[in-house]
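To keep things clear, I will list the structure first and then write my remarks on it.
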């Protein structure tokens with residue numbers, strides 16, 4: 001199937017040392033880039049020396065050992081190559097919103113590269129699948145494509161499986177409406193349009209990919225963690241400026257830190273104009 005693209009689109013998958021998007025590191029990444037001009041897709045794959053131990057549980061899943069990455073480049077050595085390959089493309093993958101994207105953002109931030117997602121469309125194939133047919137990648141490939149996944153948890157193999165699943169979803173749900181729990185009918189939400197898929201798969205209440213900040217029912221940005229859970233971010237920062245500085249200095253994602261930093265700068269600018 002030919003994807004209807006207004007911008008380039010990168011499907012990608014990451015294998016890592018563990019599941020903590022801030023503390024863990026990438027050990028393998030596979031990317032397949034589709035171009036809006038219709039030229040042949042390009043593939044990009046790397047094994048990376050993480051510089052930290054690989055968790056036993058993670059190793060049991062992807063099978064990548066310390067010996068496999070011992071002589072591979074560290075992320076800093078390949079970051080610019082990967083950054084340039086992705087460029088300003090939209091992003092797609094399986095469960096990228098909660099794991100792959102924030103982990104990649106953290107890795108780039110550590111080497112001084114600002115990998116922003118503000119102007120990118122994110123098409124999380126898992127969310128289409130979970131909303132339409134709640135299962136996992138293996139079951140998705142079987143359900144939509146009638147075949148079994150080979151070399152599961154190998155980054156590039158998972159990318160290929162994800163592409164096949166999205167193609168199957170676009171075919172299966174062409175013209176199919178979704179009935180929401182509240183009785184609302186969403187007309188044909190799964191269609192060959194990356195913006196439509198982005199809008200369908202994203203949580204409108206979520207602000208950052210680690211879900212530390214969100215919008216409440218009134219559309220106000222509130223904290224989604226700690227002692228100020230549910231309280232307006234701007235109100236808390238105005239009353240306790242040290243809390244914003246604490247967030248910037250502590251173990252939060254670069255996206256959360258940038259949002260808080262920007263809000264504090266706006267507050268300082270407004271205070272100075274009074």
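Which condition does residue 18 not pass, out of (1) within 22 Å of residue 106 (Cβ to Cβ); (2) in contact with a strand residue (DSSP E or B) (Cβ under 9 Å, 6 or more places away or on another chain); (3) in a loop (DSSP other than H, G, I, E, B), if it passes all the others?
Looking at each condition in turn, residue 18 falls short on (2).
For region 188-203, how many residues are surrounded by fewer than 14 Cβ atoms within 10 Å (Cβ to Cβ) and in a helix (DSSP H, G or I)?
Residues flagged as surrounded by fewer than 14 Cβ atoms within 10 Å (Cβ to Cβ) and in a helix (DSSP H, G or I) within region 188-203 amount to 2.
Test residue 63 against the stated conditions and say whether it is crowded, with 19+ Cβ neighbours inside 10 Å and touching a residue at least 24 places away in the same chain (Cβ under 8 Å).
no
Given 256, 236, which one is touching a residue at least 40 places away in the same chain (Cβ under 8 Å) and in a helix (DSSP H, G or I)?
256
The rows are residues; the columns are (1) farther than 25 Å from residue 132 by Cβ; (2) surrounded by fewer than 16 Cβ atoms within 10 Å (Cβ to Cβ).
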residue: 166; (1), (2): no, no
residue: 173; (1), (2): no, no
residue: 186; (1), (2): no, yes
residue: 205; (1), (2): no, yes
residue: 209; (1), (2): no, no
residue: 217; (1), (2): yes, yes
residue: 226; (1), (2): yes, yes
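Looking at 259, 248, can you tell me which residue is buried (at least 18 other Cβ atoms within 10 Å of the Cβ) and outside the structural domain of residue 96 (by TED's automatic domain parsing)?
259
Residues that are within 20 Å of the chain's Cα centre (by Cα) and at pLDDT 95 or above: list the helices (runs of 4 or more DSSP H) wholly contained in region 23-118 that include at least 3 such residues.
Ranges flagged: 75-86, 101-110.
Please determine whether any residue of region 122-136 is over 13 Å from residue 11 (Cβ atoms), free of Cβ contacts under 8 Å to residues at least 24 places away in the same chain, out of contact with any helix residue (DSSP H, G or I) (no Cβ under 6 Å at 6 or more places or on another chain) and part of a helix (DSSP H, G or I).
Yes, region 122-136 contains at least one residue that is over 13 Å from residue 11 (Cβ atoms), free of Cβ contacts under 8 Å to residues at least 24 places away in the same chain, out of contact with any helix residue (DSSP H, G or I) (no Cβ under 6 Å at 6 or more places or on another chain) and part of a helix (DSSP H, G or I).
Looking at 166, 122, can you tell me which residue is over 17 Å from residue 100 (Cα atoms) and at pLDDT 95 or above?
166
The values are calculated or read from the model by the stated rules, or taken from the named source; none is laboratory data. Predicted model only: the values in this text are computed from it and were never measured. Neighbour counts run over all protein chains shown; Cβ positions are idealised from the backbone, glycine included.
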